[in-house]
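Undergrad: Dropping the structure in here first, questions after.
Please treat every number below as a calculation from the coordinates, not as lab data. Keep in mind that this is a model prediction, so the values were computed, not measured. Note: ideal-geometry Cβ built from the backbone for every residue, glycine included; neighbour counts use all protein chains shown.
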Amino acid sequence: MENSTNHKALRVAFIGNPNCGKTTLFNAYTGANLKVANWPGVTVEKKEGSYKFRGEEFSLIDLPGIYSLTSYTMEERVSRMCILSDEVDVIVDVADASALERNMYLTMQLVELDKPVVMALNMMDIVEERGMEIDLHRMQEVLGIPVIPVSARKKTGLEALMHAVLHHKDMSARHRIEHHHKVGTNEELHREYALVYSDPIEEKIAELGSALAKKYPKLENPRWHAIKYLENDTEIIKQYPIDCELPDGCESIMINEKYDFIEEVIAEVLVNKEEKSAKTDKIDRLLTHPVLGIPVFLVIMAVVFTLTFTVGDWLKGYFEIALEVFSDAVRGLFEAVNAGELISGLVVDGIIAGVGGILTFLPNIVILFFALAILEDSGYMSRVAYVMDGLMGKIGLSGRAFIPMLLGFGCTVPAVMASRALEDKRDRLKTIFVTPFMSCSARLPVYLLLSQMFFGSFAGIAAFSMYVIGLVMAIVVALIVSKLTKKYETHTLLIELPEYKTPNAHTIFIYVWDKIKDYLTKAGTTIFLASIVLWFLLNFGMSGLVSDMSESFAASIAKFLVPVMTPTGLGYWQIIVALISGIAAKEVVVSSMSVLYGIGNISSAEGMTALSGALGEVGFTAANAYAMMIFVLLYIPCVATIATIKRESGSVRFTLGAVAMQLGTAWVMSAVVYNIISLF
């Protein structure tokens, strides 16, 4: 075929549902030839790259993940704007083959555009793992577009996909459509279009299409515009106004008919789906039960934390031995070369004690994320969001808000960024407001240290309670904010519940490794620098180098705050210094205590005994320890989270308000908990 754009790169847009492997596929083509910027006028990221195939230049665009061309969020508006523009020559619809039913809703909307569309069927390996097969030949017949199997992860099918794009770019007529979909009676429409609606809808589409074509003669695809009119698409109605009456209820009818057609297609092309669906439905009777769903989730998370403590602590012992040997070796080396106590103290008591104390908790972190990865990859986590949807609606939040909140169990930064998926701006801001209450992994070392020192065999329960309290506080604050603000309609959660599958070892490895890498990076940067700064603040005062830490700069600042923190049970200058340092990163609270109390391996049995003894001498009991865990859970988020809140909200005032609210909540809750426990 002769290329009609010899002097111009072929513009190809990659579009698909979130988590369909679209960006992985895009990266497989572009490699290092990648440009990242923001779309004009919005903060949504725009990725473009180049690719060369058979002498043809391709300019590839990675669009934000969306579920529908009906735009609500910034991401959806950007993707729709690009797809509808003339700058795209071919649309590559990346669909997750393992979630075909959910992905095909967007596919049907793209097909109706009557533009060159090629379907890239990704994640076929997962379909095979589940014991199912897809009839690709039949799928092409039904949809009238090329359907190419690819694996973004394994980089297979890449050339076949670009070959289809190249030969489909000048499509003036659809592929032959052959299906048994007989909703309407118009045979001609069935031969021409993949999806034909019921006769009353088709009559209205024809009427509106004719009116649009008459008023706007240059309008391409009047049928699609007529469909959007019936779907009450405000942007199209505003852009192409015509004199007409729109019947009520068409939108819901057309959505139902789209899904009816998709079910027909799935039944024709997907083999062995019924058996897998039956097994999934059986399990879901318990896991998504309206009453038992939440208790089951809490029990599963309690098991996860039991494993985190038992298996994690066993492995942690070996890390502690290695750290002790390393510290002694470095101290001996400094003594051998007469380096002096100042340098030796900075390296051993400052850097190694601070960073090493955090690294010894790595086994616990690995166990936690390994368990969460299994729950995610098996398909359970989407059930959790579904189960929580009703509760979220009652507190004035969209059902989708629980998804960013779930991400908050890992790290608050991506959780706050995930709020972009919410359609309503007020919904986004409320979600950003409460998401930091979800206990991120950075707080876990603090819980582990204090619970093991003060709660013995109940350490796991004490640590797990922090996650429950964080979730409850997020719900309570969201409810209060909803009562104080004007009520408005929230959008229902639309989420696909995939069939359960055996977790993929490679996927779990990548997930856990990414978390470990982030943890180690933070230990090597933020915690490393914080340990050095803290050591200097604790060893220097107004008179220079001090032998007594109570005369240091850090102690002077903290002592000023002792009266404020006393009602919370945290009125000790050392504890206050540790909490202030935790604003850099919550793990720094542990490393700070290591430096403050001069304990080289604070997470070892000897280190904990020494620390609990030092704390016990000043009257620090289990009540104080639990109050401190509460305070660490609820107080100011880390610097990275604060910066992300500012960027996502676009408001300094909102950011400062969120920080002040969290600090106030932490103080009140710690004071209440401390005084109640102290009574017993």
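Undergrad: Quick one: net charge of residue 506's neighbours, Cβ under 12 Å, K/R +1, D/E -1?
TA: Charge balance near residue 506 sits at -1.
Undergrad: Anything over 19 Å Cα to Cα? Flag those among 115/228; 214/238; 8/218; 425/483, in the order listed.
TA: Check vs 19 Å cut-off fails for 8/218.
Undergrad: Can you tell me how region 593-680 classifies by the Cα gyration tensor, rounded, prolate or oblate, using a/c under 1.5 as the rounded cut?
TA: Because a/c hits 1.5 or more and a/b fails to exceed b/c, region 593-680 counts as oblate.
Undergrad: Another question, if that's okay. List the residues whose amide H sits under 5 Å from the amide H of residue 10, counting only those 5 or more places along or on another chain, with H placed 1.01 Å from N in the peptide plane.
TA: Those lying under 5 Å, H to H, from residue 10 are 57, 58, 59.
Undergrad: Apply the Karplus parameterisation 6.51 cos²θ - 1.76 cosθ + 1.60, with θ equal to phi minus 60°, to every residue of region 235-250 and state each ³J(HN,Hα) to the nearest whole Hz, in sequence, with x for glycine and proline.
TA: Whole-Hz 3J(HN,Hα) from phi for region 235-250: 5, 5, 4, 6, 6, 10, x, 9, 7, 7, 10, 9, x, 6, x, 5.
Undergrad: Just add up the charged neighbours of residue 285: K/R +1, D/E -1, any other residue whose Cβ is under 12 Å from the Cβ of residue 285.
TA: Value of the local net charge: +1.
Undergrad: Can you compute the equivalent ellipsoid semi-axes for region 542-596, i.e. the square root of 5 times each eigenvalue of the Cα gyration tensor, sorted largest first and rounded to whole Å?
TA: Listed largest to smallest, the semi-axes of region 542-596 are 18, 15, 9 Å.
Undergrad: Under the classification rounded if a/c is under 1.5, otherwise prolate if a/b is larger than b/c and oblate if not, where does region 203-294 fall, given a ≥ b ≥ c as square roots of the Cα gyration tensor eigenvalues?
TA: Prolate is the answer for region 203-294, as a/c is 1.5 or above and a/b outweighs b/c.
Undergrad: Amide H of residue 541 versus every other amide H placed in the peptide plane: which residues, excluding those fewer than 5 positions away on the same chain, fall under 5 Å?
TA: Residues meeting the criterion, in which the H sits 1.01 Å from N, are 546, 553.
Undergrad: So, counting K/R as plus one and D/E as minus one, what does the shell of residues with Cβ under 11 Å around residue 27 add up to?
TA: +3
Undergrad: Put +1 on the Cβ of every Lys and Arg and -1 on every Asp and Glu Cβ in region 538-680; which of 593, 570, 609 then has its Cα farthest towards the positive end of the dipole?
TA: So the residue we want is 570.
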